[in-house]
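What follows is a short report on a single structure.
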Amino acid sequence: MLVVIGEAIAQEATPPSSSRPSRAFVFTSDQGQAAARDSLRRKIELYSRAISGLRDSLSLDELDIQLSEEQRARLRESIEDFTTVVEGIGQELGEMELEISNNRISFLDPTGEGIVIDVPENLDEQISQGFQILQEVILQDMPDDTRQEVRRSWNWGVPAERESSPERQIVRGNVVKIHEGAQITAGQDVRGNVVVVLGDAQISGRVDGKVIVLLGNLVIDETAEITDDVVTVGGFISQDPGAQISDVTVVDPLPGLMDGDLGWLITGGPWGLLSALGELLLILMLSLMTMALTPRANLERVQETLNTRAGASFLVGAVGSLVLTLLGAILIGILVVAVIGIPVALLVLVAMLLMGVLSISLVAVVLGRRVCQLVSGSCGNDWLLLVVGVLLLDSVSLLGHMAGLFPGFESGAQGLIIIGAGLKLVAFLCGLGGWLLGRFGYAR
């Protein structure tokens, strides 16, 4: 009951003012407090007179309720009890003191009992700070995608559609090309390394990794962005000044070999003839070296396999060359991705080259022995047979290059050169298959 009375007192005690900005209760003197109490007591007296009037009306039956005498007596007693309570409350309020001072509102009776409300000094600042903290917490918990920038634009004509930026094609993982080129366009974003073996590469987009080209050329356009190292081995690099790249490493053991047009290798002419003679001497030297390093028992076993199972040797060599090339390319790619493994990758290439030379040497020895048997019926040592066989295998290409020296024979020279290259390819496959059968699949 005291709380309700306190609220009523606060509302009634508000000084009348037409320009008060908020519901604040300010009392500056004892006269104001006394005036508030007197006003509340007058209000209670009005309620008492209204109840007395209701009781008199009930006695005179002005309301025409048509109650019995017993009901009238009971209702009259209730009204008298209510009047007694209201008068008692008015008397108690007259004895209570209302005081507002030092950020405290008190409404106490003479015994010191009543209501006391403490108001903090910086209540408005605390409320403002609380709202600010609540706002920060809400913004921190909101997802990032809800914080969108609102752009406003005005167009006096037909509303133009907003141009959307082109989406990049994201390639996740490494890009590895063997015996073919690779092109990373401006709209591509490779999240890995780009490795090209025996092919050319052109980078116009973004590569989040290394770019490594082995035995090929590399072109880096203006729009290219490469975050890691750029390595080329056995080829040239063309870089636009506007490209964004990291460190560049170029390893070119034969400078200028991959730069120009290599068509002269198959069209004859002086340079083609010189290259053919150099190739012949290189094959002879490597053949003699590999024959000297290979145990004689292994050579005899492989030569016997070639004499008795030439067709099977060719088929096994064709399949084996594909498998070995694939495995070698994978191994080279793995070594090249780790830049420190590039020297080992070069050794793998040298080993594959020596394997090819050994295969041709084995076939050259068998071919030289058969020619010697046809010509003289007897053959000398294997070294002479090797030289004769290599000359026979390379003779067709040499004739083609020499024919290219004469005007009008370019087409015929090119055909002879291609046929000679085909003969050496067949010799390589037969020699590789004979070596595989002689080592792993031969049985007497």
Residues satisfying the stated conditions in segment 379-402, i.e. surrounded by 16 or more Cβ atoms within 10 Å (Cβ to Cβ), in contact (Cβ under 8 Å) with a residue 40 or more places away in the chain and farther than 15 Å from L277 by Cβ: D382, L386
Residues being over 53 Å from the mean Cα position of the chain (by Cα) and closer than 16 Å to M285 by Cβ - total across segment 358-375: 2
Pick from segment 416-430, criterion modelled with pLDDT under 85 and either of a type in the set (V, I, T) or closer than 8 Å to S359 by Cβ (or both), ranking: surrounded by the fewest Cβ atoms within 10 Å (Cβ to Cβ): I418
Meets criteria (in contact with a strand residue (DSSP E or B) (Cβ under 9 Å, 6 or more places away or on another chain), surrounded by fewer than 17 Cβ atoms within 10 Å (Cβ to Cβ) and touching a residue at least 60 places away in the same chain (Cβ under 8 Å)) for N193: no
Pair list, Cβ under 7 Å, 6 or more apart: segment 223-237 residue of a type in the set (S, T, N, Q) and surrounded by fewer than 18 Cβ atoms within 10 Å (Cβ to Cβ), other residue part of a loop (DSSP other than H, G, I, E, B) and modelled with pLDDT under 85: T227/S246
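The values are calculated or read from the model by the stated rules, or taken from the named source; none is laboratory data. These numbers were taken from a predicted model, which means no experiment stands behind them. Note that we place each Cβ from the backbone using ideal geometry, even for glycine, and neighbour counts take in every protein chain shown.
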